[in-house]
Amino acid sequence: MATVEIEHVDKVRPGGQAVLHDVSCAARDGELLAVVGPSGCGKSTLLRLVAGLESVTVGVIRIGGCVVNDLPPQRRDVAMVFQSHALYPHMTVYENLAFGLRVRGTARRETDRRVRQVGARLGLEAMLERYPRELSGGQRQRTALGRAMLRDAAVFLLDEPLSSLDVPLRAEMRRELAELHRSLGTTMIYVTHDQSEALSLGQRMVVLAGGRVQQIDTPVDVYRRPANRFVAGFVGWPPMNFLRAESLADMVGAPAGEAGVEYGVRPECFAAQPGGPDDVQFTGRIERIESQGGEWYLELALRCGRVLVRLRLEQALTVGEPLRLWVRRADLHTFDATTGQRVESSGR
Amino acid sequence: MPEPTGVASDMGVPTRMARAGAYLGLAALAAVTLFPLLWMASIALMSAPQAAAGTPPLWPQHPTLANIINVISQQHIGTYFFNSLVVATATTVLSVLVAGSAGYALAHVGFRGRRVVSGLMVFGVLIPTQALVLPLFEMFREVHLVNHYAALVLPVAANPVGILLVQAYMRGIPAEILDAARIDGASEWRIFRSVAVPLMAPILAAVSVLVFVVSWNEFMWPMIAMQQENMQTLPVALAAIDREHYQNIGLMAAAATITMLPMVCVFVASQRYYLRSVIAGSLTG
Ligand SMILES: Nc1ncnc2c1ncn2[C@@H]1O[C@H](COP(=O)(O)OP(=O)(O)OP(=O)(O)O)[C@@H](O)[C@H]1O
Ligand SMILES: [Mg+2]
């Protein structure tokens, strides 16, 4: 068990490319910290820095309170599941799992016992004698996970471990990972580009973009109070609608007179009835309707721009009709139009 | 067999006819390549008068081992064979060690001046042996290694072609596999031994065959560096036998056949290493 502290870390590649800028974040003891961001934002680089596979340009990394900047990966007590799995192609599943134990001189019988135990836990008993090339994607993923589990490390680093799996298997493995974290109680840093994965798995999440930390918070708080326009648009699906301040004319009861701001409303925050006296009212024309199960996805044309609306509604809707919807004041996010930073409304 | 559309063969599924044609072509090629070698072996088994005919026949009338026995007992071919074997084996072992470690380092270990070293390797490939013979001879005389096996082994132990081949092959092996071993706690030496070397096995096999063959057939440098007769290698000795016994075709054929034999063995033994893909299945995508 250990904490991981990353403090003011910059990473500049040998070629001069700056990948991370002043990144600070920390995973508490036993916490599952999700790191999420678009492709190429530096997530894998961050994990490799923690693992010691690359060195920081500026800054400090501490594991369990000790500065590890100068420790090689072998001595950092971390386990890692790679984005590409990186199994040893010339070894069977059994040998892949046992390699770390053998390297550390574990007795043969003990190695065998633990490999079989982890193999059974991950449903790999029948695969132990196979080579990685003879496995399905999900089985390879489990093998990579098993190898990390047998490392018995204080910190678990997972780099998009589910990205190569199909959707049903991914959902299943996501549950298993959450279960694994609960039972092992190890500190985990989980990297993903899928915001829904971060929302569902992370106890807290770090949103990274362009090599900078955008926000660190619990998933609920990131979702409810995104720190800036980027986070607001990145976390949550379908993405948040953004309205320029000029579209205030469409809204009744919006906080008036604030120039240079942008409003954001999540598609699922619209309601067909007013919920309270200070709700904001929207009026627009229905442009497009899509039904998904019991839900409607509407495109509503306001006077300046369109918004996507997710609505649970019994009554039938027709394209071209006008529609009036309400949004709770608390669900109306305000961002500075130039900096993109969240503007806290004075009411709260 | 009815062929519904042309699609099947267009998609790269060879028809039976096409396959038969390919095999026929390959068989013809093999025959053309093998014919002179087999004829040579056949002449080695002929009696002296038969072999001495203007154009020797294809098949020995009364097969005899006389030429072979003669070449072994009178011409000391055993000594030369032994010399060649020692030199080629030592060269192969040394250059595989060097090529394996240097190629791995150039591909996967970040060190200062890696590019420069790579460039020098390419430069090394471009220098012809002939240009090196004189300076090499001076060098080896200086250190008293002329007429010594080391004179033939050392100059080719660091084989730039082998190093470049290994480097190119190892570049195709993702660094993450080695990183995984680091995370698993393996020392750099252990990673080399337990992960890199097994992954390199196919290219090391190819390099060893290449080096063995080149070393076995090397002529010019051994001729200069080994001036003592009992230290000569087979190709040099073969040339001497040819000069001395140019009328005795059977004897020459016997010596040549013995020279060639290990090459055949090496090729047959190493065949299965060529078409093996080791990294299949280790990575996603
Ligand atoms: N080996 C490398 N050499 C040069 N540039 C690299 C290398 N690896 C990554 N980069 C660059 O560093 C930046 C961050 O890469 P990184 O792999 O950390 O992104 P990521 O967030 O993990 O992306 P993804 O979600 O696609 O895996 C990218 O701009 C990438 O081009
Ligand atoms: Mg990545």
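The values are calculated or read from the model by the stated rules, or taken from the named source; none is laboratory data. Predicted model, so just to flag it, every value in this text is computed and none were measured. Using ideal geometry, Cβ is built from the backbone for each residue, glycine included, and neighbour counts are taken over all protein chains shown.
Note on the stretch A:117-136: among residues that are within 13 Å of chain B (Cβ to nearest Cβ) and part of a loop (DSSP other than H, G, I, E, B), the one that is modelled with the lowest pLDDT is A:136. Within this structure, residue A:71 fails the test of being more than 16 Å from ligand 1 (Cβ to nearest atom) and in contact with a helix residue (DSSP H, G or I) (Cβ under 7 Å, 6 or more places away or on another chain). Comparison of A:36, A:78, A:56, A:9 shows that the only residue that is within 14 Å of chain B (Cβ to nearest Cβ) and touching a helix residue (DSSP H, G or I) at 6+ places or on another chain (Cβ under 7 Å) is A:78.
Matching residues to (1) more than 19 Å from the chain's Cα centre (by Cα); (2) touching a residue at least 24 places away in the same chain (Cβ under 8 Å); (3) over 30 Å from residue A:89 (Cα atoms):
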site: B:100; (1), (2), (3): no, yes, no
site: B:116; (1), (2), (3): yes, no, yes
site: B:119; (1), (2), (3): yes, no, yes
site: B:146; (1), (2), (3): yes, yes, yes
site: B:155; (1), (2), (3): no, yes, yes
site: B:186; (1), (2), (3): yes, no, no
site: B:189; (1), (2), (3): yes, no, no
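Counting only helices (runs of 4 or more DSSP H) that sit completely within the stretch B:179-239, those holding 2 or more residues that are away from every other protein chain (no Cβ under 14 Å) and under 21 Å from residue B:154 (Cβ atoms) correspond to B:197-217, B:220-225. Taken together, the residues in the stretch A:59-75 that are of a type outside the set (A, V, I, L, M, F, W, C), within 14 Å of chain B (Cβ to nearest Cβ) and not in a loop (DSSP other than H, G, I, E, B) amount to 3. Of the residues making up the stretch A:208-233, those that are among the aliphatic types (A, V, I, L, M), more than 15 Å from ligand 2 (Cβ to nearest atom) and either within 14 Å of chain B (Cβ to nearest Cβ) or crowded, with 23+ Cβ neighbours inside 10 Å (or both) number 3. Taken over the stretch A:150-174, residues that are more than 16 Å from ligand 1 (Cβ to nearest atom), under 24 Å from residue A:39 (Cα atoms) and not hydrophobic (A, V, I, L, M, F, W, C) amount to 4. Filtering the stretch A:149-172 to residues that are among the hydrophobic types (A, V, I, L, M, F, W, C) and in a loop (DSSP other than H, G, I, E, B) leaves A:153, A:154, A:162, A:165.
Looking across the stretch A:81-116, just one residue is within 7 Å of chain B (Cβ to nearest Cβ), farther than 14 Å from residue B:182 by Cα and touching an Asp or Glu at 6+ places or on another chain (Cβ under 8 Å), and that is A:84. Criterion first (out of contact with any Lys or Arg (no Cβ under 7 Å at 6 or more places or on another chain), away from ligand 2 (no atom under 16 Å from the Cβ), assigned to a helix (DSSP H, G or I) and within 12 Å of another protein chain (Cβ to nearest Cβ)) does residue A:142 satisfy it? So residue A:142 does not fit the description; no. Residues of the stretch A:12-32 that are away from chain B (no Cβ under 14 Å) and either within 16 Å of ligand 2 (Cβ to nearest atom) or part of a helix (DSSP H, G or I) (or both): A:17, A:19, A:20, A:23.
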